[in-house]
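Have a look at the structure below, then the notes.
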Amino acid sequence: MDSDLDEVFDKLARSSFRRRFGLGAAERGYLERRGLDTVMSHGEKFIEERLAPADIPNDGKQTPMRNHPIFVAQHGTATCCRGCLEKWHGIPKGHALTTEEKAYTLSVLRRWLAAQGGA
C-alpha cells in the first residue's frame with residue numbers, strides 16, 4: 001500500500017493547485033498542541049460525516065479550506081470531496097465509503113500531516 005501512496009503523492013506533487021496547500025500557523029499550532037493522534041480522531045469524524053455518505057448534497061463544497069489541519073490536508077491530498085476521491089484516488093461516487101476506503105483516506109491524510117511536521 002505504501003507504493004500506492006508513493007504514486008498518489010508523486011501525482012499530487014505535480015499539481016500546482018494541490019502544492020499550494022500547507023498548514024498555516026494556526027493549523028500547525030493546533031496540530032502541535034493536540035498531537036497527530038487527536039487530530040486524526042477528528043479526521044475520522046469529519047470523513048464519516050462529510051465524505052463517507054453515498055449522497056452528499058453539497059459535494060465539492062463540504063470541506064472548508066482552513067481552520068483545522070484535516071481540512072487543509074484534505075485539499076492538499078484531493079480527499080476533500082467525492083469528485084476528487086474519484087479523480088485522484090479511484091474511489092467512485094455513488095456508494096457509502098467502505099471501511100477500507102475510509103481507512104485508506106485517513107492513511108493519506110496521516111502521511112500528508114506527518115510530512116507537514118505532525119509526526
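Just so you know, all these numbers are worked out from the coordinates, no wet-lab data involved. Not measured: the values here are computed from a predicted model. Every residue, glycine as well, gets a Cβ built from its backbone with ideal geometry; the counts of neighbours run over all protein chains shown.
General observations
- Of 52, 26, 73, the residue with the greatest mean-square motion in the GNM of the chain, using alpha carbon springs below 10 Å, is 26.
- When only Cα pairs below 8 angstrom with a gap of at least 6 residues are kept, the chain shows a relative contact order of 32 percent.
- Net +/- balance of residues flanking residue 47 in space, Cβ distance below 13 Å, scoring K and R +1, D and E -1: 0
- 222 nm mean residue ellipticity, helices alone, for the chain (DSSP H n ≥ 4; -39,500 (n - 2.57); rounded to 500): -16500 deg cm²/dmol
- In segment 1-95, taking the dipole from charged Cβ atoms about the Cα centre, the farthest positive-side position among 95, 30, 85 is held by 30.
- If only the Cβ of Lys and Arg carry +1 and only the Cβ of Asp and Glu carry -1, the dipole of the chain around its Cα centre is close to 560 debye.
- Normalised convex hull volume, the chain, alpha-carbon set, Å³ per residue: 92
- Whole-Hz ³J(HN,Hα) from phi, Karplus 6.51 cos²θ - 1.76 cosθ + 1.60, for segment 44-61, glycine and proline x: 4, 5, 4, 4, 4, 7, 9, 10, 6, x, 5, 10, 10, x, 10, 4, x, 10
- Cα gyration tensor shape of segment 1-64, rounded if a/c is under 1.5, else prolate or oblate by comparing a/b with b/c: rounded
- Sites count as exposed loop sites when they are trypsin sites (Lys or Arg not before Pro), lie in a DSSP loop, and have at most 11 other Cβ atoms within 10 angstrom; the longest stretch of the chain without one is 62-119.
- In order through segment 92-106: 3J(HN,Hα) via Karplus (6.51 cos²θ - 1.76 cosθ + 1.60), integer Hz, x for Gly, Pro: x, 6, x, 9, 5, 4, 6, 4, 5, 5, 5, 4, 4, 4, 5
- Inter-label distance for residue 93 and residue 55, nm, one decimal - labels placed 7 Å from Cα along Cα-to-Cβ: 1.4
- Restricting segment 1-47 to GluC sites (Glu not before Pro) that sit in a DSSP loop and have at most 15 other Cβ atoms within 10 Å of their own Cβ leaves nothing.
- All other residues whose Cβ lies under 15 angstrom from that of residue 34 are scored, Lys and Arg at +1 and Asp and Glu at -1, for a net of 0.
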